[in-house]
Amino acid sequence: MAHKKHSKLVTALVLGLSSGYASAAGFQLLEQNVSGLGNAYAGSAAVAENASTIFFNPAGMTQLKDREFSAGVAAIGPSFKFSDNGSSVGGATGFGNAGNGGDAGSWAAVPNAYMSWALNKDLYVGVGLSAPFGLKTEYSSPWIGSAQSNSFSVETMNINPSIAYRVSDTVSLGAGVSWQHIDAKYKRLAGAVDIPVPSIPITFPQALTTVSTVTATLKGDAWGWNVGGLFTASPATKVGVSYRSTVTQDVTGDIAVTGASASPLAPTFYSLGTSGAKASLKLPDMAILSATHQLNDKWQLLGDVSWTGWSSVPKLDLVRTSGVQNGAIAQTLDTDFRDTWRVAVGGTYQYRQDLKLKFGLAYDQTPVKGEATRMVSLPDSDRTQISTGAQWALSGGSTLDLGLAYLMFADASINNNQLLKARGLVKGNYTGSAWLLGLQYSVPF
């Protein structure tokens, strides 16, 4: 009966995976469990509190009981507001009284589920289901940046079978493979552009006062892998290291253009209708070094340093695969990302036998190099995270985790000039913040 209940819950969580504005740099999601949220994910590769260690460090399974199940959900509520300081739609018309786009953030849920089994006292297997990347920005339309983006969403689902082996009392090793599915949807307005050409006496008054909606929808599947090691440096100290590989997503789908066709006098224009599309995206690899230290019977200290290889995403070419423009690049997103670092420290306090209190602080770099390459679809900046949480020990060895965090984003300037591509100039500043709230249940069975 317990197995059937767990199976139904896992299925529901898989079907419910959704996008959210990334809580980590770029569009990465760290909310692969909630038990680490209260510590700002400090010690993520060394803690091994429950089966969610499968994502952060599969070697941690050797620290678990014979069979364990863990499931949770984190809600992310971001706020991103733009202040104009010289933006221009260029010659594009049809945007009306374009404003600042309102709040581009909205609440979203990120679920996870994990199971682990001990085949014998030293060999463990497990499987994890999670969403390692996600993004959702949506502006009030039309706004002054509508030609660059009205909305952008990325959703992923990651299935991660893993294995771990206890080499000795002080060393455990683990590895896994990941099948990852991705869905992306990008929507913007294509404004008609008035470009006077004296040698062409024909005018297009209707085209010059209207806009088209351009929607790109793409999806794909790919494989990756991960490895990890857990080392007991002393009875009170553990060190964890882990690495997740890049995942190259060759996504396919279509570009749909609805509304009025943009003027053929524009530098770029779209024909009404739908055509096939493709793109290739190399999602970044990630390395983590973590440590935990049991200071005394009340306090545990945690630390974390992680690196993410965001330079794997220098740009994204959206290529047409059918129609009269078959093989042509419909649009290029010039991300020009750089690699990033994240550092986190935290502590856990054993308030009473059945209750732990958690605290954490983290600083995370953005992969965006500067204002010229900051995109309205991803108004990312460096952020500081303050976290707290609690873990209750329930009957039968089960635990319930509650986590709460607040992200403070550094004010970020943007000066993204796409006037020559008929997508306007977005110039101004972004202010941002986010709340994270999560709940997780873990149980041996």
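In region 117-146, which residues are modelled with pLDDT of 90 or more and farther than 23 Å from ALA59 by Cα?
If the condition is that a residue be modelled with pLDDT of 90 or more and farther than 23 Å from ALA59 by Cα, then GLY134, LYS136, THR137, GLU138, TYR139, SER140, TRP143, ILE144, GLY145, SER146 are the ones that fit.
Please pick out the residue among PRO284, PRO267 that is farther than 20 Å from ASP221 by Cα, touching a helix residue (DSSP H, G or I) at 6+ places or on another chain (Cβ under 7 Å) and either at pLDDT 95 or above or not acidic (Asp, Glu) (or both). Walk me through it before giving the result.
Values: PRO284 fails: farther than 20 Å from ASP221 by Cα.
Testing whether each residue is farther than 20 Å from ASP221 by Cα, touching a helix residue (DSSP H, G or I) at 6+ places or on another chain (Cβ under 7 Å) and either at pLDDT 95 or above or not acidic (Asp, Glu) (or both) leaves just PRO267.
If GLN331 meets every condition in (1) assigned to a strand (DSSP E or B); (2) out of contact with any Lys or Arg (no Cβ under 6 Å at 6 or more places or on another chain); (3) at pLDDT 95 or above apart from one, which number is that one?
Going through (1) assigned to a strand (DSSP E or B); (2) out of contact with any Lys or Arg (no Cβ under 6 Å at 6 or more places or on another chain); (3) at pLDDT 95 or above one by one, GLN331 breaks only (3).
Tell me, yes or no, whether region 94-110 has at least one residue that is touching a residue at least 24 places away in the same chain (Cβ under 8 Å), surrounded by 24 or more Cβ atoms within 10 Å (Cβ to Cβ) and touching a Leu at 6+ places or on another chain (Cβ under 7 Å).
yes
Every residue, every condition in (1) touching a residue at least 60 places away in the same chain (Cβ under 8 Å); (2) surrounded by fewer than 23 Cβ atoms within 10 Å (Cβ to Cβ); (3) of a type in the set (Ser, Thr, Tyr), yes or no:
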site	(1), (2), (3)
ASN112	yes, no, no
MET115	yes, yes, no
ASN120	no, yes, no
GLU138	no, yes, no
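Go through region 340-349 and count every residue that is buried (at least 16 other Cβ atoms within 10 Å of the Cβ) and either at pLDDT below 95 or not aliphatic (A, V, I, L, M) (or both).
Number of matching residues: 5.
For GLY96, are the conditions met, namely being at pLDDT below 95 and either over 15 Å from the mean Cα position of the chain (by Cα) or more than 25 Å from GLY403 (Cβ to Cβ) (or both)?
For GLY96, the condition - at pLDDT below 95 and either over 15 Å from the mean Cα position of the chain (by Cα) or more than 25 Å from GLY403 (Cβ to Cβ) (or both) - is met.
When you scan region 38-90, how many residues do you find that are in a helix (DSSP H, G or I) and either closer than 30 Å to SER168 by Cα or β-branched (Val, Ile, Thr) (or both)?
Adding up the residues that qualify gives 11.
What are the pairs, 6+ residues apart or on separate chains, where a residue within region 202-223 that is within 22 Å of LEU189 (Cα to Cα) and of a type in the set (Phe, Trp, Tyr) has its Cβ under 6 Å from a residue that is assigned to a loop (DSSP other than H, G, I, E, B) and at pLDDT below 65?
From residues that are within 22 Å of LEU189 (Cα to Cα) and of a type in the set (Phe, Trp, Tyr), the pairs are PHE204/SER263.
Out of all the residues in region 270-281, which are at pLDDT 95 or above and of a type in the set (S, T, N, Q)?
The one that is at pLDDT 95 or above and of a type in the set (S, T, N, Q): SER280.
Considering only region 352-409, give the strands (runs of 3 or more DSSP E) lying wholly within it that have at least 3 residues that are within 19 Å of the chain's Cα centre (by Cα) and crowded, with 21+ Cβ neighbours inside 10 Å. Please lay out each step first, then the result.
Numbers: elements: 355-364, 383-393, 399-409.
Qualifying strands (runs of 3 or more DSSP E): 383-393, 399-409.
Name the strands (runs of 3 or more DSSP E) wholly inside region 105-153 in which the number of residues that are more than 24 Å from the chain's Cα centre (by Cα) is 2 or more.
The qualifying strands (runs of 3 or more DSSP E) are 108-118, 123-130.
Within region 290-310, does at least one residue satisfy the condition of being at pLDDT below 95 and in a strand (DSSP E or B)?
No - not one qualifying residue is present in region 290-310.
So, in region 410-445, exactly how many residues are within 24 Å of the chain's Cα centre (by Cα) and outside any strand (DSSP E or B)?
The qualifying residues number 2.
When residues of region 227-249 are filtered for being part of a strand (DSSP E or B) and within 18 Å of the chain's Cα centre (by Cα), how many remain?
Residues flagged as part of a strand (DSSP E or B) and within 18 Å of the chain's Cα centre (by Cα) within region 227-249 amount to 5.
The values are calculated or read from the model by the stated rules, or taken from the named source; none is laboratory data. Nothing here was measured: the structure is a model prediction, and the numbers come from that model. Note that we place each Cβ from the backbone using ideal geometry, even for glycine, and neighbour counts take in every protein chain shown.
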